[in-house]
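Asker: Can you keep this structure in mind? I'll have questions shortly.
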Amino acid sequence: MAPELGTPIAQLPRVPRRVADALAGIGLRHVADLLFHFPRDYEDFRDRRKIADLEAELPQTVVGEVIDVEARGTGFGKSRLGVVVEDDSAAMRAMWFNQLFLKDKFKIGRRVQLSGKPKLAGLRWEMVHPRITWLGDDPADDPASENLSPVYPLTEGVPQHTMRRVVAAAVDGFADLPDEVFSGALRAKHGLLPIGDALRAIHRPKDEAERDAGRRRFVFQELFVLQLALAARRHQQSVSFSAPEIVVDTRLDARIERLLPFELTPGQQAAIDDVVADLASDQPMNRLLQGDVGSGKTVVALYAMLACVAVGWQAVLLAPTEVLARQHNQTLAAMLRASRVRSRLLVGGMTEKEKAEVRAGIAAGDVDLAIGTHALLQEKVEFAKLGLAVIDEQHKFGVRQRALLRQGNRSPHYLVMTATPIPRTLSMTQFGDLEVSSIRDMPPGRQPVRTYLVEPAVEGKWWEHVRQQLSEGRQAYVVAPLIDDSEAIDAASAERSFAELTHGELAGYRLGLMHGRLTPAEKDAVMERFRGGATQVLVSTTVIEVGVDVPNATAMVIASPQHFGLSQLHQLRGRVGRGRHPGICGLLLPHELSDAALSRLQAFEQTSDGFDLAEIDFRLRGPGDLFGDRQTGLPPLRIADLVRDRDVLIEARTAAAELFATDPGLKASEHKLLRKQMLRRYGDSLELGDVG
């Protein structure tokens, strides 16, 4: 990259030191930072007119000076703010209702730009609720009327007109200096602007087509470099690490299937076929197994672990929470009762003596199957012959945490599972280093769950329905988003729900309380009482979201459901209907709910397929809300939007795969800059080392 791009922002013309210091606070220190500080939106001021030349009911923009400000009440707590703006042709009145907070900003003599649809009120033009752009004293800083005006992310002390001027200075002097990482042939094939033209187009587009062309260049580049990095990781995994070859023949297959609790579904069998093919290779398996709630992913994982143990290797099953790890331990112990597999649990809540004993057994090879949480990733745990790692709820474990299970250049096979189906665009990015198997069908006998939106007026009848379930000997969950009440968030809490239900709708029934502040031992005790039937109703936060399996629980009540994503609601709904009786799920609606939130919840009420809900959730809320913050994940995308730019992602993925196939290490001289950019951006998070 040209050294001039390292020019400090303070050295640009007309940039005061205070502005440079404020920009440094948000990571903008050099010219290069400004060039790639992309607009978050654009304003259209192209139809800018003198006030005397305005036309009624057409979107137009005027620039003028404030000459009068009047604010007054209109009764019943309402107010009106009137501002008269004048240019050298005429004066115009702008009005805002119930926005008196604007009054102090309209200083007499201040220059402003107003955009809206004018109308004649008597002999004077008037705009109601126009869009305001605060202007500086120098008309040279005004947004260009011939272009779409960029709207940048700001920081305190740097108004929009100043940011526009500073970025424009960087574009004018330095736009052609950044390295061009794409060849002319690749740009022509994918319709991409050269980088200098793209920078001018994205920062000062003359029209929508130029804006979109500039943005497309950088979206494609960002996604292309990401896909190259993921291809490099897959390649590096295949050439740098070896895994044991675990071959499943017909005899071993028959032995394993005799231990399974039920006949495999077609989806489970297809997933097992994928896993068996991967295990037979000396290249480490990196496979993601995704399936809806209750689809039987654990059985697929058990098959893989038994195959591993049968040929003399150890297996480990990692879960994100102690509750889930202990449940996996109980489930697998029941399934393995007729086998000679030696399994042990290792979680943080055990005593040091207990943990030391389990660690010694793992190191000596006396433990075939270890089940646990992050405690198994600690350096003290050494496996004698680890052949397979099964990781439940993949998004809770990052790339680096998985790497802790390697020993030198020997790597176990990895099977990572999630009960939150992953939209295709996410599987190509955040999970792009993994091959994907999906289970879409359900085991026979799985009971349906009927879902209801419970409005406040009928909430009493809903609790009658829950009490009926309890009186018939079944159990229920009540889930709230918070542990205790919060002044910042208007939502139900588990502690308040527990207290109110104990003395109200569920008085006389046996209630338990579960949340994240309990110690592991306390959580375990609460779950054991509920699992054993001593507790009829478990009031909880989302700690019971994944993996908790109590077949006798048939009713799920979710308070303040608008605070959950659709996939999370689906996980909670999946806790019921796991036994002989069908389940019911009621969402307790608040008195006030936005139209958008209501539409989401109606979609949930009408859709029972977790894959469909994940796609809906992804479109509405984005990847961050779907999965939360991954513990060790990829850097966030700077300009690409995985919902909006899905087609560009698919195009970039194909192009990256083609390039990497022809030059696996990006060793060719024409790919030197691409390789450098890929390593700078993703080398650390994906542990790429020096590719090639």
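Read the figures in this text as sums done on the coordinates, not as results from a lab. Only a predicted model underlies this, so the values are computations on that prediction, with no experimental measurement involved. Virtual Cβ from ideal backbone geometry, glycine too; neighbours counted across all protein chains shown.
Asker: Residue by residue, what Karplus-based ³J(HN,Hα) values in Hz, rounded to whole numbers, does segment 170-182 have, using 6.51, -1.76 and 1.60 with θ = phi - 60° and x for Gly and Pro?
Answerer: Whole-Hz 3J(HN,Hα) from phi for segment 170-182: 5, 5, 4, x, 9, 4, 8, 8, x, 4, 8, 8, 9.
Asker: Ok, one more. Under a 5 Å amide H to amide H cut-off, with H placed in plane at 1.01 Å, what residues pair with VAL479 once short-range neighbours are removed?
Answerer: SER540, VAL557, ILE558, ALA559
Asker: Tell me the relative contact order for segment 284-374 as a rounded percent, counting alpha carbon contacts under 8 Å between residues six or more apart. Write down the numbers at each step before the final one.
Answerer: On the way: 95 pairs, mean separation 33.0, N = 91.
For segment 284-374, the relative contact order is 36 percent.
Asker: Sorting ARG93, ARG410 on the 10 Å Cβ count, fewest up front, what's the list?
Answerer: Numbers: ARG93 17, ARG410 14.
Ascending Cβ contact count within 10 Å gives the list ARG410, ARG93.
Asker: Between segment 81-129 and segment 37-64, what's the alpha-carbon centroid distance in Å?
Answerer: 14
Asker: Positive end of the dipole of the chain, charges at C-beta (+1 Lys, Arg; -1 Asp, Glu), about the Cα centre: which of HIS581, LEU336, LEU324 has its Cα farthest in that direction?
Answerer: Sorting the options by dipole projection puts first LEU336.
Asker: Now, a different point. For segment 32-49, in order, what is each residue's ³J(HN,Hα) by Karplus, 6.51 cos²θ - 1.76 cosθ + 1.60 with θ = phi - 60°, in whole Hz (x at glycine and Pro)?
Answerer: Those phi angles translate into 4, 4, 5, 4, 9, 8, 7, x, 8, 6, 9, 10, 9, 10, 5, 8, 9, 9 Hz.
Asker: Among DSSP bridges having both ends in the chain, what percentage is antiparallel? Round to the nearest 5.
Answerer: Numbers: 35 of 94 bridges.
Bridges in the chain are about 35 percent antiparallel.
Asker: For the chain, what is the largest minus smallest coordinate of the Cα atoms on each principal axis, given in angstrom and ordered from greatest to least?
Answerer: Cα spread of the chain along its principal axes, largest to smallest: 93, 71, 44 Å.
Asker: On to the next question. Return the sequence-ordered ³J(HN,Hα) values of segment 608-615 in whole Hz as given by the Karplus equation 6.51 cos²θ - 1.76 cosθ + 1.60 applied to θ = phi - 60°, using x for Gly and Pro.
Answerer: 10, 8, x, 5, 5, 5, 5, 5
Asker: Given R₀ = 60 Å, FRET efficiency for ILE650-ASP68 by Cβ-Cβ distance, to 0.05?
Answerer: Numbers: r = 56 Å, r/R0 = 0.94.
It comes out at approximately 0.60.
Asker: How big is the dipole moment of segment 532-603 about its Cα centre under a simple scheme where the beta carbon of each Lys and Arg is +1, that of each Asp and Glu is -1, and everything else is neutral? Debye, nearest 20, please.
Answerer: Working: 5 positive and 4 negative charges, 56 e Å.
Approximately 260 debye in magnitude.
Asker: Search the structure for amide H atoms under 5 Å from the amide H of VAL436, placed 1.01 Å from N in the peptide plane, and list their residues when 5 or more places away or on another chain.
Answerer: Correct list: LEU288.
Asker: Using only Cα atoms, find the angle between the long axis of helix 459-471 and the longest principal axis of the chain, and express it within 0 to 90 degrees, rounded to the nearest 10.
Answerer: Around 10 degrees separate the two axes.
Asker: Taking amide H atoms as placed 1.01 Å from N in the peptide plane, list the residues 5 or more away in sequence, or in a different chain, whose amide H sits under 5 Å from that of LEU346.
Answerer: Those qualifying (amide H under 5 Å, at least 5 residues apart or on another chain) are ILE371, GLY372, THR373.
Asker: Please arrange ASP647, ASP292, ASP663 by how many other C-beta atoms lie within 10 Å of their C-beta, fewest to most. Let's see the in-between values first.
Answerer: Working: ASP647 8, ASP292 27, ASP663 14.
Ascending number of Cβ neighbours within 10 Å: ASP647, ASP663, ASP292.
Asker: ARG17 to LEU58: FRET efficiency via 1/(1 + (r/R0)^6), r the Cβ-Cβ distance, R0 41 Å, to the nearest 0.05?
Answerer: On the way: r = 43 Å, r/R0 = 1.06.
In this case the efficiency is close to 0.40.
Asker: Could you put ILE195, ILE639 in order, starting from the residue whose Cβ has the fewest other Cβ atoms within 10 Å?
Answerer: ILE639, ILE195
Asker: Here is a follow-up. I'd like the FRET efficiency for SER281 and ARG580, computed as 1/(1 + (r/R0)^6) with the beta carbon distance as r and R0 of 51 Å, rounded to 0.05. Before the final figure, lay out the partial values.
Answerer: Working: r = 42 Å, r/R0 = 0.82.
Plugging the Cβ-Cβ distance into 1/(1 + (r/R0)^6) gives 0.75.
Asker: Okay, next question. Of all DSSP beta bridges located in segment 250-439, what percent are antiparallel, nearest 5?
Answerer: Numbers: 1 of 29 bridges.
Here the antiparallel bridges make up roughly 5 percent for segment 250-439.
Asker: How would you rank 339-350, 562-573, highest first, on the average number of other Cβ atoms within 10 Å across their residues?
Answerer: Details: 339-350: 18.0, 562-573: 23.8.
Order by mean packing, descending: 562-573, 339-350.
Asker: Related question: Calculate, in nm to one decimal, what GLU592 and ALA185 gain on full extension: separation in residues at 0.36 nm each, minus their alpha carbon distance.
Answerer: Details: separation 407, 0.36 × 407 = 146.52 nm, distance 5.60 nm.
Gain in length upon complete extension: 140.9 nm.
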